[in-house]
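Have a look at the structure below, then the notes.
The values are calculated or read from the model by the stated rules, or taken from the named source; none is laboratory data. What you are looking at is a predicted structure, and each value in this text was computed from that prediction instead of being measured. We place every Cβ from the backbone using ideal geometry, glycine too, and count neighbours over all the protein chains shown.
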Amino acid sequence: MWSRRQVLGAGLALLATPRLAAAKERAMTSTDLITRKIPSTGELLPVIGLGSWQTFDVSDVTPLTPVLERFLALGGRVIDSSPMYGKSEAAIGTMLAALTKADPKTPKPFLATKVWTEGKQAGISQMKRSMSRLGVSRLDLMQIHNLVDWKTQLATLRDWKQAGTIRYLGVTHYSHGAFDELEKIITTENIDFVQLPYSVTDRAVEKRLLPAALDKGVAVLVMQPFASGGLFGKVKGKPLPAVATELGCTSWGQLFLKFLIGHPAVTCPIPATSKVKHVEDNLGAMRGAVPDEAQRKKILAAL
C-alpha cells in the first residue's frame, strides 16, 4: 500500500507544470480562507483542523513544534485532543507555550479535548487535568469521548458552559454501532458539536447523522477523513482528475478534504499528522472553491 508521502510525491511529479506550481503557491499564501459558522453562535472557524491521535503522543516535542507552528501560520485553528491520546494534550500545551513565548503574536488556536471516564467527580478531575496540560483556564470545546457515561458528563459540561469554563460542548464516537445513539443526542439534547467518522469511502453518516446535525444546528468535526490513511492506496499512480483544477487542488489529499467540506453540515475535518509537508498539503484545501454536489460526484467517480 502506498503511503501519503508516496502518493503526494508521485502526484507532484505528474503535475509539475508551471501553471500547477503557481496554483500551489497561491494556495499556500492566499489569505482567503474557507470558513464555516458554528451554528449555535455564528462564530467562524477555518474548515481544516489538526487531530493529535498517535501523532502527538510524544515526550520530546522538538520535531513536532514546526508542525504546530506551520499549522497556525497557514490559518489553521482547530486542534483536537483527548486524555485517551496519551501525552498529546501535554505536548500541545508545551508547544503552544513555547511558540507564544517566542512570538506573542502567535495566532490563538481553537482548542478541543474530551472527557473519557465514568462518574461525575472522575470526569471533573480529568477535565481539570486536561485543561492544565493544555495550559488554559478556559477551553473552547469539551467533548464526551465515545459517549462514555454521557448523561453524567453532559450535566457537568452544561454547568461548566454556564460558568464560562468551556465555550462549547459536544459528543463523539467512531463506531457505526453508536450512530443511533449519536442521532438521538443530536436531535434531543442541546449540544454545540458532534465528532464522527467520514470520508469518501465511509459515507454512512450522510444518511441520518449529517442531516440531523444540519437540521438541529450542530457543528460537525470529522475524524478519519483519510480513512486512517487507506485512501492513498486507492489512488496510487492515478493522476488528479479535472475537477481538482476546478477546485484549486494540487493533491489527492486536498481533493479528499474538499469532498468533505462540500457537505453543508461539515464544519471542520481534523486530519492528524506529524509532518510539516502534510500540514501544508492539508491546509491547501482551506483555500480555493468549495465543491458543489456535481463536483463531489466527480470526486467519487475519480476513485
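Going by what's in this entry, would G217 be described as in contact (Cβ under 8 Å) with a residue 40 or more places away in the chain and at positive phi? Here the answer is yes, as G217 does meet what is asked. Of the residues making up the range 78-132, just one is in contact with a Phe, Trp or Tyr (Cβ under 8 Å, 6 or more places away or on another chain), within 29 Å of I34 (Cβ to Cβ), part of a helix (DSSP H, G or I) and polar (S, T, N, Q), namely S88.
Considering V194, V220, V205, the condition of being within 22 Å of L50 (Cα to Cα) and in a helix (DSSP H, G or I) is satisfied by V205 alone.
If the condition is being surrounded by fewer than 17 Cβ atoms within 10 Å (Cβ to Cβ), assigned to a helix (DSSP H, G or I) and either of a type in the set (A, V, I, L, M, F, W, C) or touching a helix residue (DSSP H, G or I) at 6+ places or on another chain (Cβ under 7 Å) (or both), then the range 223-273 contributes A242, E246. Here L257, L303 are screened, and the one residue that is over 18 Å from the mean Cα position of the chain (by Cα) and either closer than 26 Å to W53 by Cβ or acidic (D, E) (or both) is L303. Can you find even one residue in the range 101-110 that is at pLDDT 95 or above and under 27 Å from I185 (Cβ atoms)? Yes, the range 101-110 contains a residue that is at pLDDT 95 or above and under 27 Å from I185 (Cβ atoms). Is it the case that some residue within the range 80-94 is of a type in the set (S, T, N, Q), at pLDDT 95 or above and over 15 Å from D140 (Cβ atoms)? Looking through the range 80-94, at least one residue is of a type in the set (S, T, N, Q), at pLDDT 95 or above and over 15 Å from D140 (Cβ atoms).
Yes/no matrix, rows are residues, columns are (1) β-branched (V, I, T); (2) assigned to a helix (DSSP H, G or I); (3) crowded, with 22+ Cβ neighbours inside 10 Å:
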{"site": "R36", "(1), (2), (3)": "no, no, no"}
{"site": "P39", "(1), (2), (3)": "no, no, no"}
{"site": "G42", "(1), (2), (3)": "no, no, no"}
{"site": "I48", "(1), (2), (3)": "yes, no, yes"}
{"site": "W53", "(1), (2), (3)": "no, no, no"}
{"site": "V58", "(1), (2), (3)": "yes, no, no"}
{"site": "P63", "(1), (2), (3)": "no, no, no"}
{"site": "P66", "(1), (2), (3)": "no, yes, no"}
{"site": "F71", "(1), (2), (3)": "no, yes, yes"}
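With the requirement that a residue be under 18 Å from V61 (Cα atoms), of a type outside the set (K, R) and either surrounded by fewer than 16 Cβ atoms within 10 Å (Cβ to Cβ) or out of contact with any Pro (no Cβ under 7 Å at 6 or more places or on another chain) (or both), what does the range 112-142 give you?
S132, L134, G135
Entry remark, the range 82-135: residues being among the basic types (K, R), over 27 Å from V148 (Cα atoms) and more than 21 Å from the chain's Cα centre (by Cα) number 2 in total.
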